[in-house]
Amino acid sequence: MTQKEALDIMKMGHSVFLTGAAGTGKTFVLNKYIEYLKSHSIPPAITASTGIAATHIGGQTIHSWSGIGVYEKLDKYTLDKLEQNEKLYKRYANVKVLIIDEISMLHANRLDMINTLFKTFRKNDLPFGGIQIVFCGDFFQLPPVVKRYGKMEDYPDEDQEFAYNSLAWKELNPIICYLEENYRQKEGETLTKILNDIRFERDTNKILQKLNKNLSSQTKTETLKLYTHNIDVDTINLEKYCDLKIDSPEFSYEVICNGKKNFVEILKANCLAPESINLKKGAKVIFVKNDKNREYQNGTLGEIIDFDVSNMPIVKTFDGKKISVSRENWQYVNDDGKVLAEISQLPLRYAWAITVHKSQGMTLDAAEIDLSKAFGTGMGYVALSRVRKFENICLLGIHDKALKINPGVTKQDKVFRARSEKASQALEKYFSSKEMENKLKRLQEDFILASDGDLVPHELEKETFEKPVKTKTTLVTLDFLKEKLLPKEIAKKRSLKTNTIISHIEELFEGREIEEKDLKYIWKEIEKKYTNIQLKAIKKVLAEDSGLKTKFDKLNKDLKIKIDYDSLKLLRLQIKN
């Protein structure tokens with residue numbers, strides 16, 4: 001299937017699985033569809049199975065978005081608890097399109113949990129509550145990460161853990177959009193053939209022989225090395241940096257954070273750029289973000305050759321281009337488009353070595369790859385498929401199981417290819433005449449209208465990279481809190497509603513920008529209205545697992561304690577603390 005065909009199918013509102021071999025442009029098509037939706041005022045929920053994958057597409061993890069977090073299953077208690085979450089309820093009620101990238105790394109059980117939550121929140125028994133779902137990924141790549149104890153033979157087939165074996169996937173029955181043209185290895189037909197042979201388990205022994213010819217006992221310091229374990233990567237990078245000349249000027253760059261502390265921590269944990277990095281001339285670096293001006297991309301390699309007047313590094317890439325590097329921003333954005341946290345750091349990390357897991361999503365000009373400790377299926381395939389040309393791969397080690405592909409994935413891939421071909425054939429009828437082309441356009445317009453979008457596309461606002469200094473509205477409220485003003489007094493001074501100020505207080509408290517001691521004077525003012533017995537009853541109800549309205553009704557109607565929503569929200573923070 002071509003990229004255009006996949007886009008035409010998605011624009012009709014069909015749920016799809018967008019797949020294809022490494023380098024076929026899955027992320028490109030995904031970003032094109034996201035732009036299309038946004039231009040028609042349909043903001044999609046953009047998620048991925050891992051934090052690193054989420055940063056690649058500017059989204060958040062599906063675990064965070066869906067509310068499943070670290071839950072392994074949805075028992076009645078957990079489901080009831082999630083149902084009472086008002087923010088989660090609004091999220092599920094308002095979403096029109098959900099995108100899940102790197103679907104291969106999402107466990108089947110987790111996908112079933114998400115499907116259950118959609119049906120519960122939307123009170124709709126259709127798969128995922130009836131909205132459009134877009135899965136993206138390649139099951140030949142890294143599988144779900146599962147904590148295992150004991151011997152591997154004691155565990156069921158890994159294939160059962162893949163998302164396509166979930167009940168949710170079978171219910172949804174997404175249209176398969178299998179991209180076929182390879183853009184990454186276009187100049188390296190040998191590598192394309194090897195990767196396809198690995199996928200279809202053809203001539204494995206010959207592949208190993210061919211790869212073994214690329215074995216080298218001597219490493220090339222200018223080439224990025226891929227290892228399967230973090231300890232090897234960290235050791236090599238530290239050793240290589242320490243080996244650089246001591247008399248070379250050295251500069252340190254720390255991450256700059258803004259926003260809610262808990263979301264900042266999530267960003268830092270999943271961002272490929274380190275929290276702190278020391279740089280001096282000769283340091284080998286890799287860019288870990290795509291440049292807005294397209295001077296570099298995630299995976300571009302180079303070396304620090306100098307520093308500008310602001311002590312910012314100048315990188316010379318391995319193709320000879322000189323780039324003055326400045327800080328980049330990574331944002332944590334909720335489904336309403338609100339930026340909850342942002343970190344700023346140089347988009348660089350040491351590039352003598354990196355793990356195979358962290359390399360997923362990158363495109364490399366050259367690499368030295370050590371597969372001597374490869375574990376799990378898909379690891380060898382992912383490592384080899386990062387590189388554009390076969391001749392630019394130098395193996396440091398390999399064992400006979402490094403190229404192992406799960407047999408269930410191979411079998412399922414044949415099904416995906418056949419179904420994708422049928423989808424392409426079905427789409428052809430829409431281009432058989434002008435009348436049918438108009439019908440296709442109407443179907444796509446119907447989906448836009450059904451999603452409350454605008455038929456006439458509008459230009460997306462261009463990203464502003466240098467933002468004017470602007471004080472966050474919550475920080476203005478924070479200044480008034482420091483003066484010990486009550487919410488009503490702050491609201492009056494700011495010409496805002498009291499519940500708006502209370503939402504600021506909740507956000508500041510959740511982001512740990514204020515603590516219990518900062519709110520004691522507010523709590524004390526509320527508590528003056530009630531007896532000790534009443535206060536005890538209020539706090540007991542607030543501690544219960546129920547929604548705010550349920551608590552409000554119980555206190556006012558059942559216990560006859562008159563209390564307003566604003567006071568409940570503020571006192572609720574005592575319980576959260």
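Values for this structure:
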| read-out | value |
| --- | --- |
| Ser503 vs. criteria in a loop (DSSP other than H, G, I, E, B) and under 37 Å from the mean Cα position of the chain (by Cα) | no |
| Some residue of the range 391-402 being out of contact with any Cys (no Cβ under 7 Å at 6 or more places or on another chain), on the phi < 0 side of the Ramachandran plot, open to solvent by 60 Å² or more (accessible area, probe 1.4 Å) and basic (Lys, Arg) | yes |
| Wholly within the range 63-145, helices (runs of 4 or more DSSP H) carrying at least 2 residues that are within 30 Å of Thr410 (Cβ to Cβ), touching a helix residue (DSSP H, G or I) at 6+ places or on another chain (Cβ under 8 Å) and touching a residue at least 24 places away in the same chain (Cβ under 8 Å) | 108-122 |
| Flag for Pro407 being closer than 22 Å to Gln132 by Cα, touching a helix residue (DSSP H, G or I) at 6+ places or on another chain (Cβ under 8 Å) and either without any contact (Cβ under 8 Å) to a residue 40 or more places away in the chain or not aliphatic (A, V, I, L, M) (or both) | no |
| Residue identified as surrounded by fewer than 17 Cβ atoms within 10 Å (Cβ to Cβ), at negative phi and part of a loop (DSSP other than H, G, I, E, B) among Lys520, Lys529 | Lys529 |
| Members of the range 24-48 found to be open to solvent by 10 Å² or more (accessible area, probe 1.4 Å), closer than 30 Å to Leu191 by Cα and assigned to a loop (DSSP other than H, G, I, E, B), listed by number | Gly25 |
| Residues located in the range 546-577, provided they are touching a Phe, Trp or Tyr at 6+ places or on another chain (Cβ under 9 Å), within 23 Å of Leu508 (Cα to Cα) and open to solvent by less than 80 Å² (accessible area, probe 1.4 Å) | Gly547, Leu548, Asp564, Leu568, Leu570, Leu571, Leu573, Gln574 |
| Residue within the range 507-514 that is of a type in the set (Val, Ile, Thr), surrounded by 13 or more Cβ atoms within 10 Å (Cβ to Cβ), modelled with pLDDT under 90 and in a helix (DSSP H, G or I) present | no |
| The range 404-455, residues that are of a type in the set (S, T, N, Q), open to solvent by less than 70 Å² (accessible area, probe 1.4 Å) and not in a helix (DSSP H, G or I) | Asn406, Ser433, Ser451 |
| Yes/no for Tyr332 being within 30 Å of Cys257 (Cβ to Cβ) and open to solvent by 30 Å² or more (accessible area, probe 1.4 Å) | no |
| Ser216 more than 27 Å from Asp138 (Cβ to Cβ) and modelled with pLDDT of 75 or more | no |
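The values are calculated or read from the model by the stated rules, or taken from the named source; none is laboratory data. Just so you know, these numbers come straight off a predicted model, no measurement behind them. Neighbour counts are summed over all protein chains in view; Cβ atoms, including those assigned to glycine, are modelled from backbone coordinates with ideal geometry. Ligands, DNA and RNA are stripped out before the accessible areas are found, and what is left, the full protein with its side chains, is counted by its heavy atoms. Shrake-Rupley method; radii C 1.70, N 1.55, O 1.52, S 1.80 Å.
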